[in-house]
Protein chains: 2
Amino acid sequence: MSWRWAFARHVAQAQRLLPTSSAGGGTGLLGRHHHHMPLASQIRSKEQQDPFELVADEVSLLVNRLRFMVSAEVPKLASTAEYFFKVGVEGKRFQPTVLLLMASAVKFSLSESTEGKVLSILADKLRSRQQNIAEITEMIHVASLMHDDVLDNADTRCGVRSLNLIKGNKLSVLAGDFLLSRACVALAALGNTEVASLMATTVEHLVTGETMQISTSTEQQRSMEYYLQKTYYKTSSLISNSCKAVAILAGHTAEVSVLAYEYGRNLGLAFQLIDDVLNFTGTSASLGNGSLSHIRHALDYLRKSHGVERTKELAREHTDRAVKAIESLPYSDDKDVLTSRRALVDITERVITRTK
Amino acid sequence: MSWRWAFARHVAQAQRLLPTSSAGGGTGLLGRHHHHMPLASQIRSKEQQDPFELVADEVSLLVNRLRFMVSAEVPKLASTAEYFFKVGVEGKRFQPTVLLLMASAVKFSLSESTEGKVLSILADKLRSRQQNIAEITEMIHVASLMHDDVLDNADTRCGVRSLNLIKGNKLSVLAGDFLLSRACVALAALGNTEVASLMATTVEHLVTGETMQISTSTEQQRSMEYYLQKTYYKTSSLISNSCKAVAILAGHTAEVSVLAYEYGRNLGLAFQLIDDVLNFTGTSASLGNGSLSHIRHALDYLRKSHGVERTKELAREHTDRAVKAIESLPYSDDKDVLTSRRALVDITERVITRTK
């Protein structure tokens, strides 16, 4: 559950340390995996934009809406919400960023015909519904951070004293429940049963993952299958199912929706694997970041049954699959679509190459 | 949140202590308020059945389904769920009982015509969806009990050591979250946006009520308006909105749905007012039952601004309104409908006359 925070720090650093443009040669960030990059040839722009910049304004609006909602509706929970929505502003942007980029990546291009205006209104409406998915995802994510804080009696998260030490367990549980109920109301308002069901199931997965984590036997701790299953539930289900929801709302076929899902699933798994490696090798700034039980679990897994190199390889396999999913999306020559797809690929590379 | 448990004990006692039939005279349980009983003349049966018996089998099936669901899906949470679904078996029946009776009370009668068979299949399907509402209500209710246990560090609930002392906060929060996520999935599956929104809002109300309770200033504690608002959120919103959902699923007009809502709202408020009085006068067996903050709140309210008698009067006003709502339902000569309406009225009387 802590990956967002860790990732945010990484991104801030990576933006200074790593080249963000790979156009024009094989030496850039993406160049090393040129065999995965037929997209590159489709992209006309000479400059690859920073993926987070592409949707930064939209994400800011979204987060501010969420913060305002909690503060306005339940003043007593305002400070609780502020705490989670304010700490590490960049950190909050990861999942909404991916989802808004995915929304653009699976966009149907509008022709410049006479129907253009009507279609454009519909497109705006769709975008607004996809933003809702990003909001709901963020609500579920923050709610689970709040509840994890209670569960673990964690005394630090991301270097900041955890909320439940400051405010007490009561408010953490209540604020989390409030966000979950709001997520459920927002899902109902979308009026799409399949999407509502998908997203509600992610909450169940978060619970299942956490349960697997706190109740692992020694034998289970050494089982790779168990470890990956738990990692999927805890870290990957939310982003994968919300990516899928974004595609479903756009009216895509099952095939495209599954590609969106596969991107999110593999991105999430890769992130967590790398996070566990960095925690194990002690180079991660996020050591105090995950729950203790999670870190113990990961360490045990890494130490007992698989090495660091093997885990990195596995993470690379997952980012390769994420890239493959993006490349398998239907052909488009829309500049915005191509830029967004490239940004999603760029994000996988940042996940795999981070060193802290 | 504790009323179900208290009520269960009351019912068990009331069934031994109080006459359950009021037919044939003004001396029975309902006879004292004959001015509210035009229903009585409509009911052909000489014997008024016990309201809880009327739907006991259906409620048992429902609770067993819930227990099985949790156990099968997340074995680690099985004992947690068992704990809440097993303790005080009668206790668990209150809200589902009211909802299933309401489903019958707002039933459209089927004619014995040739379309009878088709209509009967539709009626079965509707009943099954209304049972889903009862299940969802129970999931939300039990989830909030679980989370309240964490919040209050309560060491007793209903005379049994609270779950979080036995199992720890972790599992209480997780099991509650699991039930909430399942409730959300089940709501999505119903495919009715209005109903999903109604029910999701009740979770928000439970949070709001709990927040009001733990954050009451002295001035607020003496405010009757604040007290009643909090009581609505904490005790009455769930049963009132689920009653409304049952009517909406049946395809009723807004007018009928609001009557169903009004019944639930006033029943819930009356129950909590009486519960607070009994806690205050020390005759309630449920003293260790509510959260301490709730009891303190109630005591302060009763002591400072209003007397016991005034509160009892207020509770009576609410049961009167609940009865009025049932009486205002559209005319029916269907025996099952009339029996169910009578049972709902009977329940209001049991709420108001209980002495422990």
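The values are calculated or read from the model by the stated rules, or taken from the named source; none is laboratory data. This structure is a prediction, so every number in the text was calculated from the model and none was measured. So basically every Cβ, Gly included, is an ideal-geometry build from the backbone, and we count neighbours across all protein chains shown. Areas reflect the complete protein model, heavy atoms only, side chains present, ligands, DNA and RNA absent. Shrake-Rupley method; radii C 1.70, N 1.55, O 1.52, S 1.80 Å.
Keeping to segment A:209-221, report how many residues are facing chain B (nearest Cβ under 7 Å) and not in a helix (DSSP H, G or I).
The total comes to 1.
I need every pair where a residue in segment B:306-325 that is of a type outside the set (Gly, Ala, Ser) has its Cβ under 9 Å from the Cβ of a residue that is open to solvent by 80 Å² or more (accessible area, probe 1.4 Å), sequence separation at least 6 or different chains.
none
If you check B:LYS92, B:LYS117, B:LYS46, which single one turns out to be at pLDDT below 70 and in a helix (DSSP H, G or I)?
Sole residue among the options that is at pLDDT below 70 and in a helix (DSSP H, G or I): B:LYS92.
Hey, among the residues in segment A:188-203 that are under 17 Å from B:ALA143 (Cβ atoms) and of a type in the set (A, V, I, L, M), which one's least open to solvent (accessible area, probe 1.4 Å)?
My answer is A:ALA200.
What are the residues in segment A:262-275 that are touching a Leu at 6+ places or on another chain (Cβ under 9 Å) and open to solvent by 10 Å² or more (accessible area, probe 1.4 Å), if any?
Those that are touching a Leu at 6+ places or on another chain (Cβ under 9 Å) and open to solvent by 10 Å² or more (accessible area, probe 1.4 Å): none in segment A:262-275.
If you go through segment B:222-235 one residue at a time, do you hit one that is within 7 Å of chain A (Cβ to nearest Cβ), in a helix (DSSP H, G or I) and farther than 15 Å from B:HIS147 by Cα?
Scanning segment B:222-235 turns up no residue that is within 7 Å of chain A (Cβ to nearest Cβ), in a helix (DSSP H, G or I) and farther than 15 Å from B:HIS147 by Cα.
Within segment A:151-168, restricting attention to residues that are assigned to a helix (DSSP H, G or I) and either modelled with pLDDT of 90 or more or open to solvent by less than 40 Å² (accessible area, probe 1.4 Å) (or both), which residue is farthest from the other protein chains (Cβ to nearest Cβ)?
A:LEU163
Among the candidates B:SER111, B:SER104, B:SER144, which residue alone is farther than 27 Å from B:GLY209 by Cα and either open to solvent by less than 20 Å² (accessible area, probe 1.4 Å) or modelled with pLDDT of 95 or more (or both)?
Being farther than 27 Å from B:GLY209 by Cα and either open to solvent by less than 20 Å² (accessible area, probe 1.4 Å) or modelled with pLDDT of 95 or more (or both) holds for just one of B:SER111, B:SER104, B:SER144, which is B:SER104.
Looking at (1) part of a helix (DSSP H, G or I); (2) open to solvent by 10 Å² or more (accessible area, probe 1.4 Å); (3) at pLDDT below 85, can you tell me which one B:LEU302 breaks?
In the conditions (1) part of a helix (DSSP H, G or I); (2) open to solvent by 10 Å² or more (accessible area, probe 1.4 Å); (3) at pLDDT below 85, B:LEU302 misses (2) alone.
A quick yes/no check of all residues on (1) without any contact (Cβ under 8 Å) to a residue 12 or more places away in the chain; (2) among the hydroxyl-bearing types (Ser, Thr, Tyr); (3) within 9 Å of another protein chain (Cβ to nearest Cβ):
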| site | (1), (2), (3) |
| --- | --- |
| A:LEU171 | no, no, yes |
| A:ALA175 | no, no, yes |
| A:PHE178 | no, no, yes |
| A:CYS184 | no, no, yes |
| A:MET199 | no, no, yes |
| A:VAL203 | no, no, yes |
| A:VAL207 | yes, no, yes |
| A:LEU238 | no, no, no |
| A:SER242 | no, yes, no |
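Condition first: touching a helix residue (DSSP H, G or I) at 6+ places or on another chain (Cβ under 7 Å), open to solvent by 20 Å² or more (accessible area, probe 1.4 Å) and β-branched (Val, Ile, Thr). Can you find one or more residues in segment B:218-230 that meet it?
No, segment B:218-230 contains no residue that is touching a helix residue (DSSP H, G or I) at 6+ places or on another chain (Cβ under 7 Å), open to solvent by 20 Å² or more (accessible area, probe 1.4 Å) and β-branched (Val, Ile, Thr).
Counting only residues that are small (Gly, Ala, Ser) and part of a loop (DSSP other than H, G, I, E, B), which one in segment A:236-260 is most open to solvent (accessible area, probe 1.4 Å)?
A:GLY251
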